[in-house]
């Protein structure tokens, strides 16, 4: 902090980094406001932490070590300040979450919010003193013999997705998973907190379409829908490729037409195995969509999407679903 004629000037790193001759505009105003609010969330070693963020954003290519950030022009301090900020700095995370939720959110083509949830692993094989490490499965390039289990820190991420041919997303929250954490319960609490922040910050209003939450195959979609009950959210989960579904049980009339010789009617319908296309029935609805939505032509290297849907069927009962019996 410095003073001029007795008037204190706070948050020097923020004020100096905002160029006074920048062109006016709503985007610049939002960026300036977000930068100031983010700076207020840093409760210790503010200036150095913000310079590390600037260096991280302005670095060319991936950053493999914090020391590399000191070589970036935006970082104007030495190594000792960098280590002191990482060791003694602090971020008020509960205060930062609403700041992220208050930013303009990317939306899908129909104008609704889409949140994606997934778990990413931070590999920590050479950190024996790091607490609460778990093991993650890492695939090798030489077949099954090169697969490994490596100590890591798993993190649960929530990101807002946008439509179009882009992989950009907006991270809204990240939580590290511990050895005794239930992934479904932690994810549900995380999503509930994010959705409530979006509502509080005015990014979702009553009457808008429900927020679409997308889950990977590692999540149990019915359970997530139960844990997220009461929120304006729809659950969309991907199913594993080795799942087996059962078609509806045929009626007595349908069974008599299919088997005129008679016999005991089946209790379940025929199987539909995701891994065997020959067991698939005719879809109830199907469409073809090109990746290049502007020219309506297939994009080189990607081709076309041919999504198909079937509204009938249920998962086949497994040992896990009948364990309580």
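Among the residues of the stretch 182-200, are any more than 18 Å from the chain's Cα centre (by Cα) and closer than 30 Å to residue 267 by Cβ?
no
Taking helices (runs of 4 or more DSSP H) that do not extend beyond the stretch 51-139, which have at least 1 residues that are touching a strand residue (DSSP E or B) at 6+ places or on another chain (Cβ under 9 Å)?
Filter on the stretch 51-139 gives 79-88, 93-101.
Being surrounded by 15 or more Cβ atoms within 10 Å (Cβ to Cβ) and over 18 Å from the mean Cα position of the chain (by Cα), is that true of even one residue in the stretch 101-113?
No, the stretch 101-113 has no match at all.
Let me spell it out: the conditions are (1) closer than 21 Å to residue 310 by Cα; (2) exposed (fewer than 14 other Cβ atoms within 10 Å of the Cβ); (3) modelled with pLDDT under 85, and residue 265 meets all of them except one. Which number is the exception?
(1)
Between a first residue in the stretch 52-64 that is in contact (Cβ under 8 Å) with a residue 60 or more places away in the chain and a second residue that is in a helix (DSSP H, G or I), which pairs have beta carbons less than 8 Å apart while being 6 or more apart in sequence or on different chains?
Taking only residues 6 or more apart or on different chains, not a single pair turns up.
Would you check which residues across the stretch 179-215 are closer than 24 Å to residue 137 by Cβ, surrounded by 13 or more Cβ atoms within 10 Å (Cβ to Cβ) and in contact with a strand residue (DSSP E or B) (Cβ under 8 Å, 6 or more places away or on another chain) and list them?
Answer for the stretch 179-215, where residues must be closer than 24 Å to residue 137 by Cβ, surrounded by 13 or more Cβ atoms within 10 Å (Cβ to Cβ) and in contact with a strand residue (DSSP E or B) (Cβ under 8 Å, 6 or more places away or on another chain): 183, 186, 187, 190, 214, 215.
Any residue at all in the stretch 231-249 that is exposed (fewer than 10 other Cβ atoms within 10 Å of the Cβ) and modelled with pLDDT of 80 or more?
In the first step, residues of the stretch 231-249 are kept if they are exposed (fewer than 10 other Cβ atoms within 10 Å of the Cβ); the result is 241-242.
Imposing the further condition that a residue be modelled with pLDDT of 80 or more reduces the set to 241-242.
The answer is yes, given that some residue of the stretch 231-249 is exposed (fewer than 10 other Cβ atoms within 10 Å of the Cβ) and modelled with pLDDT of 80 or more.
Within the stretch 121-164, restricting attention to residues that are closer than 24 Å to residue 180 by Cα and touching a helix residue (DSSP H, G or I) at 6+ places or on another chain (Cβ under 8 Å), which residue is surrounded by the fewest Cβ atoms within 10 Å (Cβ to Cβ)?
156
Only residues that are within 18 Å of residue 43 (Cβ to Cβ) and in contact with a helix residue (DSSP H, G or I) (Cβ under 6 Å, 6 or more places away or on another chain): list them for the stretch 83-114, please.
85, 89, 97, 98, 99 - these are the residues of the stretch 83-114 that are within 18 Å of residue 43 (Cβ to Cβ) and in contact with a helix residue (DSSP H, G or I) (Cβ under 6 Å, 6 or more places away or on another chain).
The values are calculated or read from the model by the stated rules, or taken from the named source; none is laboratory data. Small disclaimer: the values here were computed from a predicted structure and weren't measured. All Cβ positions, glycine included, derive from the backbone under ideal geometry; neighbour counts span all protein chains shown.
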